[in-house]
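Visitor: One structure follows; several queries about it will come next.
Nothing in this text is a laboratory measurement; each read-out follows from the coordinates by a stated rule. What you see is a predicted model, and the numbers here were worked out from it, not measured in a lab.
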Amino acid sequence: MLITVFLVIILLIWILLFSHVYISIQYIYDQTKQHVAVSIFILRIRLYKKSYDLSKVNNESNASSENSLAFFSGKINSYHEKLQKVNLLLNRVLKPICLRHFTWNTAGGTGNAALTGIMGGGIWAIKNTLSFYLINKLQLKCKPLVHFEPNFVHRFLYTNLDCMLSIRLGKAIYVFTKRKKYLQMMKEALQADKGGND
């Protein structure tokens, strides 16, 4: 009897370790709100759900659409540069992660057709670069959809990023146990790069 119970427990642990953890992330930005919603599922059971209101960050940025487009473009460029600095570390962390769904829609305009066209081209280039970066780092299980719709009449900015990631629970536990080491390595890489640029 005890042996049977022990074997059942071992089997359940084995099933759990090889089960996938699904992480759903949605980011929304517009002129009035900015938030991130994160949900975590295991065996189709939602274990975690949290929304983070980033409106204060949004309010601190410039209100005009022209400045918002420049701000959005500048922030993505900044994030891309930081990703490149910790590229080797991210290879190790992101390798076991599967990309199940990826949709990134953006729309906006400055009220000036020429300026909107220029900034729109820049946003397209940055979005495609970041998207291909993730595609190359993650195990691709879907066709990423990236879109930008310029508006040459109105002044506004809206972006909606929706993605689903998955990782085996066993690998997720391993990455979690190494989080302090990874964070320290990332911090050292960024500080070293900053020092070299001074």
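Visitor: For the pairs Lys50/Lys171; Lys95/Lys127; Lys33/Lys143; Lys33/Lys171; Lys50/Lys178; Lys143/Lys178, note any where the Cα-Cα span goes beyond 26 Å. The partial results should precede the final answer.
Guide: On the way: Lys50/Lys171 23 Å; Lys95/Lys127 21 Å; Lys33/Lys143 28 Å; Lys33/Lys171 35 Å; Lys50/Lys178 24 Å; Lys143/Lys178 30 Å.
Checking Cα-Cα distances, Lys33/Lys143; Lys33/Lys171; Lys143/Lys178 exceed 26 Å.
Visitor: Around Arg168, which amide H atoms from residues at least 5 apart in sequence, or from another chain, sit under 5 Å from its own amide H, with H modelled in the peptide plane?
Guide: Val21
Visitor: Still on this structure, I have one more. Kirkwood hydrodynamic radius (Cα pairs, Å) of the stretch 114-153? Could the numbers behind the result be given before it?
Guide: Numbers: mean 1/r = 0.0873 Å⁻¹.
Here the Kirkwood hydrodynamic radius works out to 11.4 Å.
Visitor: What list of ³J(HN,Hα) values in whole Hz, one per residue of the stretch 112-127 in order, does the Karplus curve 6.51 cos²θ - 1.76 cosθ + 1.60 (θ = phi - 60°) give from phi, with Gly and Pro shown as x?
Guide: So the Karplus estimates, Gly and Pro as x, are 10, 4, 5, 5, 4, x, 5, 5, x, x, x, 5, 4, 5, 5, 5 Hz.
Visitor: Check Asn151: other-chain or 5+ apart residues with amide H under 5 Å from its amide H, H built from backbone geometry?
Guide: Long-range HN contacts for Asn151: Gly108, Gly109.
Visitor: Continuing with this model, one more query. Give the Rg/Rh ratio for the stretch 84-153, taking Rg as the radius of gyration of the Cα atoms and Rh as the Kirkwood radius, to two decimals.
Guide: Details: Rg = 15.1 Å, Rh = 13.7 Å.
Result for the stretch 84-153 is an Rg/Rh of 1.11.
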